[in-house]
Amino acid sequence: MSFNQGSRLDTSQVSDRRGGLGGKIAIGGGGLILLIASLLGVPPELLQSLTGASPSSGQAAADGQELRLECETGADANARRDCRVVATVNSLNRYWGEALPRYNLQYPVPDAVLFDGQVSTGCGSATSAVGPFYCPRDSTAYFDVGFFDQLTDQLGAAEGPLAEEYVVAHEFGHHIQNLTGVLDYSQQDPQGQGSGAVRVELQADCYAGVWAGNATQQVDPATGEPFMQPLTNEDLSDAISAASAVGDDRIQEASSGQVNPHTWTHGSSEQRRAWFSQGYETRDPAACDTFNAADLDRP
Ligand SMILES: [Zn+2]
């Protein structure tokens, strides 16, 4: 999905921590993975061998500095991945800020951080190998834009802006779950088909679809025009391709050659595709009740 060229971006909603502490801190032990909500159901060391990701190094940048200079309009969001994250975060905050009060919930805006290599969080330190994730302890979503190359090159997703925007929207889905209280089910019942973890992840996919279905309706008060252009069939198939690419069965098959549903944490490719579509078609968060779904294959 493309942003309208003249839309104004609010870079204050995203912190730029790229060029951080390269190479000095190892991943924060076994505890980290249980405390975060990620896009991928795979241990980071496995993902690292699957994707060849490794920590990078560089010079520390002040939070937001580069983003403020270079991300100003929808045209920047269409041209640059980091600006696209900013624009997507802006749209997500606008949508959820309007939607949640209808369910008698407040929407505290989460923090969003761009990093590369590694980052320290309220849940411990993490490397890019974890993939995009949300830490409930600091209510922050973390993104390494380099992951989007891995999504297409190693995990086989289609390229395209909505594929990337889906990833951002999925992590914001975990923020909504942190507010509604269901995120805990992921820890309490952490693996297997139909587990709490799988239901949490599929609901986050559904919330991503809900956002995509509503985003094109949002009007920029500054310009009186929609922030985003209407979704094309290609946009939609890109996002569905991304949701499928991060299915447990697909990743297990690629990493070990075997599929073991007893260790699933995020759901199958087909389930992830189906729940994203459910959200997109209904545009209603109430249609994302994976916890009472009789059959996760058919929302
Ligand atoms: Zn997730």
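In this view, the solvent-accessible surface of L236, computed with a 1.4 Å probe and all protein chains in place, comes to about 40 Å². Return the Rg/Rh value of the chain, two decimal places, where both radii are evaluated on C-alpha atoms and Rh is the Kirkwood radius. Rounded to two decimals, Rg/Rh equals 0.94. Counting heavy atoms of the protein chains alone, W211 has an accessible area of about 0 Å² for a 1.4 Å probe. Separation of region 172-201 from region 211-271 is 18 Å, based on Cα centroids.
Applying 1/(1 + (r/R0)^6) with r as the Cβ-Cβ distance of N104 and Q188 and R0 = 25 angstrom yields a FRET efficiency of 0.50. Taking a span of 27 Å or more along the helix axis (Cα atoms) and a mean Kyte-Doolittle hydropathy of at least -1.0 as the rule, the DSSP H helices of the chain that qualify are 161-180, 196-215.
Each Lys or Arg adds one and each Asp or Glu subtracts one; over the other residues with Cβ under 13 Å from the Cβ of Y185, this totals -3.
Grab the other residues whose beta carbon is less than 13 angstrom from that of A77, score K and R as +1, D and E as -1, and report the net. Once all neighbours under 13 Å are counted, the net charge is -4.
Let a ≥ b ≥ c be the square roots of the eigenvalues of the Cα gyration tensor of region 81-136; is it rounded (a/c under 1.5), or, if not, prolate (a/b larger than b/c) or oblate?
oblate
Accessible surface of R17, taken over heavy atoms with a 1.4 Å probe and every protein chain present, rounds to 80 Å².
Residues of region 95-125 with an amide N closer than 16 Å to a point placed 7 Å from the Cα of D289 along the Cα-to-Cβ direction: 103-104.
Using the Cβ of T216 as centre and a radius below 11 Å, the other residues enclosed give a net charge of 0, where K and R count +1 and D and E count -1. Only the Cβ atoms of Lys and Arg (+1) and of Asp and Glu (-1) were treated as charged; on that basis the dipole of the chain about its Cα centre amounts to roughly 460 debye. In terms of the mean number of neighbouring beta-carbon atoms within 10 Å, the peptides 155-163, 212-220 order highest first as 155-163, 212-220. Put a dot 7 Å past the Cα of N233, heading toward its Cβ, do the same for S12, and the two dots end up 4.3 nm apart. Estimated purely from DSSP H runs of n ≥ 4, each contributing -39500 (n - 2.57), the mean residue ellipticity at 222 nm for the chain is -13000 deg cm²/dmol once divided by its residues.
The values are calculated or read from the model by the stated rules, or taken from the named source; none is laboratory data. These numbers come from a predicted model, not from an experiment. Neighbour counts are summed over all protein chains in view; Cβ atoms, including those assigned to glycine, are modelled from backbone coordinates with ideal geometry. Accessible surface areas use protein heavy atoms only, side chains included; no ligands, DNA or RNA. Shrake-Rupley method; radii C 1.70, N 1.55, O 1.52, S 1.80 Å.
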